[in-house]
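The values are calculated or read from the model by the stated rules, or taken from the named source; none is laboratory data. This structure is a prediction, so every number in the text was calculated from the model and none was measured. In this analysis, Cβ positions are derived from the backbone assuming ideal geometry, glycine residues included, and neighbour counts consider all displayed protein chains.
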């Protein structure tokens, strides 16, 4: 099976570039860790100035709490008593923020707070156009915040929204306009909450495909860009993130040359999920990926790429780390071109 490699030098350089731009925008940085779930990577980002992390599930919150990460936002809706009790336990180890988009969530958190002797700090999840989770902005979000805040054990301290439906807009001006329209919904919701004497100290938004635009909006207080530290082609090619390079790669070999204009390489969909963005063949000018099967990638060749021979090593950048890391048992860790260790891929539910 093809191995997955992480170049720590590249990862740290990319993360530093993102952290510096976010700092220049005057925002806090709360990077999402759903791509990797690795405390060591999270700590690297904390060391670069992140105020905490954003997690996609309860298990990721637990992993961060156990590792001593100071703060985590669960940008996901927890509903079962088991999960809420797990979050209550984690809240005793780190500063925890949770999200709601319905009064039922608030009621469940209130009951869990009473069972476990904790208080939950809550952000109201606002739908700003992605139509996945989130309460409608302005009036509905404010009414939810007011009702939730009246419950024992629940303290509403802000809002969040995700402009994920806008990340891959190709026209820069149109993308900025659309993102600002989405952020205006958060601003209007914040203002409505303040008019009701509710707390709204946090306005959390912005992914790796948009943070440099989202962070220009005055209402936003923190940005969740995290996956961009891997420099995936999804972010660089489809979202136009600049200044980062691939940190996560899969080495492979040419195993067949069916014709002068074609090569077959011995890794495919089982190592690099192409659903969101195809992988990129690195340092092979003239080579273009045609298609992937389970264990092979078929490549068309022009110019110098036609010199590829059976047995030649090649390297892919995975197209989207979120969908590729969990296809592997472990990650081979490199620094300065040398392997320095192996990290198990964290699989927890």
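Residues are listed down the side, and each one gets a yes or a no for (1) buried (at least 23 other Cβ atoms within 10 Å of the Cβ); (2) assigned by TED's automatic domain parsing to the domain that holds residue 42:
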residue	(1), (2)
159	yes, yes
162	yes, yes
165	no, yes
174	no, yes
194	no, yes
206	yes, yes
210	yes, yes
234	yes, no
238	no, no
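Within segment 294-307, track down each residue that is over 19 Å from residue 278 (Cβ atoms) and in contact (Cβ under 8 Å) with a residue 40 or more places away in the chain.
So the first thing to find is which residues in segment 294-307 are over 19 Å from residue 278 (Cβ atoms), and the list is 303-304, 306-307.
Hit for segment 294-307 is 306, nothing else.
Condition first: within 20 Å of the chain's Cα centre (by Cα) and part of a loop (DSSP other than H, G, I, E, B). Now tell me which residues in segment 184-216 satisfy that.
206, 207, 208, 209, 210, 215, 216
Counting only residues that are within 12 Å of the chain's Cα centre (by Cα) and over 14 Å from residue 52 (Cβ atoms), how many does segment 217-227 have?
Number of matching residues: 1.
Can you tell which of 305, 275 is at pLDDT below 95 and more than 17 Å from residue 2 (Cα to Cα)?
275
When you scan segment 306-327, how many residues do you find that are over 30 Å from the mean Cα position of the chain (by Cα) and surrounded by fewer than 18 Cβ atoms within 10 Å (Cβ to Cβ)?
7
List the number of the failed condition for residue 224; all other conditions in (1) closer than 21 Å to residue 47 by Cβ; (2) in contact with a helix residue (DSSP H, G or I) (Cβ under 7 Å, 6 or more places away or on another chain) hold.
Looking at each condition in turn, residue 224 falls short on (2).
Those residues that are outside any helix (DSSP H, G or I) and under 20 Å from residue 196 (Cβ atoms), I need them from segment 129-146; list them, please. Talk me through it step by step, then tell me what you get.
Let us first name the residues in segment 129-146 that are outside any helix (DSSP H, G or I), namely 129-138.
Result: 134, 135, 136, 137, 138.
Which one of these does residue 255 not meet: (1) more than 15 Å from the chain's Cα centre (by Cα); (2) at pLDDT 95 or above; (3) closer than 27 Å to residue 170 by Cβ?
(3)
Any residue that is in contact with a helix residue (DSSP H, G or I) (Cβ under 7 Å, 6 or more places away or on another chain), over 30 Å from residue 225 (Cα atoms), in a loop (DSSP other than H, G, I, E, B) and modelled with pLDDT of 95 or more - is there at least one of those in segment 283-300?
yes
Here is a yes/no grid of residues against (1) in a helix (DSSP H, G or I); (2) touching a strand residue (DSSP E or B) at 6+ places or on another chain (Cβ under 8 Å):
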{"position": "148", "(1), (2)": "yes, yes"}
{"position": "151", "(1), (2)": "no, no"}
{"position": "156", "(1), (2)": "no, yes"}
{"position": "162", "(1), (2)": "no, yes"}
{"position": "165", "(1), (2)": "yes, no"}
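Which number in (1) modelled with pLDDT of 95 or more; (2) part of a helix (DSSP H, G or I) marks the one condition that residue 245 misses?
For residue 245, the exception is condition (2).
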